[in-house]
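The values are calculated or read from the model by the stated rules, or taken from the named source; none is laboratory data. This structure is a prediction, so every number in the text was calculated from the model and none was measured. Cβ atoms come from the backbone with ideal geometry, glycine included; neighbour counts cover every protein chain shown.
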Amino acid sequence: MPESTASPPEGSREESEEIRRTREEIAALREELHRLNTHRFVRIHNSLWRLLGFQFVRGLAFGLGSVIGATILVYLVVASLSKIDFIPIIGEWAKEIADVIRQNGANP
């Protein structure tokens with residue numbers, strides 16, 4: 001039987017197109033993986049010492065921010081409550097707290 005020189009069947013064209021798309025997708029995934037692996041976040045977490053240092057500094061910043069925020073919040077609450085004269089119990093209590101804060105602030 002003589003070999004025919006006809007074009008390949010339609011099924012093999014579709015398969016080769018799918019293989020080409022798959023290769024392109026794999027190449028895109030490789031590029032994305034490389035980009036993610038070189039990201040600063042991943043580089044920090046690749047080293048135990050960098051991770052510990054980062055978490056330590058993060059904890060210090062969180063603690064300092066919490067203390068400063070709580071101080072401001074308590075000050076605002078006490079200052080606003082000390083202005084209330086029509087509720088005798090809360091107003092007197094807040095004035096006592098404000099006086100203690102002022103006395104401690106004057107004597108460092």
key: Residue identified as at pLDDT 85 or above, surrounded by 11 or more Cβ atoms within 10 Å (Cβ to Cβ) and among the small types (Gly, Ala, Ser) among Gly65, Gly53   = Gly53
task = Could you please let me know if Ala6 is at pLDDT below 75 and small (Gly, Ala, Ser)?
result = yes
inquiry  = Being surrounded by 10 or more Cβ atoms within 10 Å (Cβ to Cβ), modelled with pLDDT of 80 or more and among the β-branched types (Val, Ile, Thr): is that true of Val42 here?
reply    = no
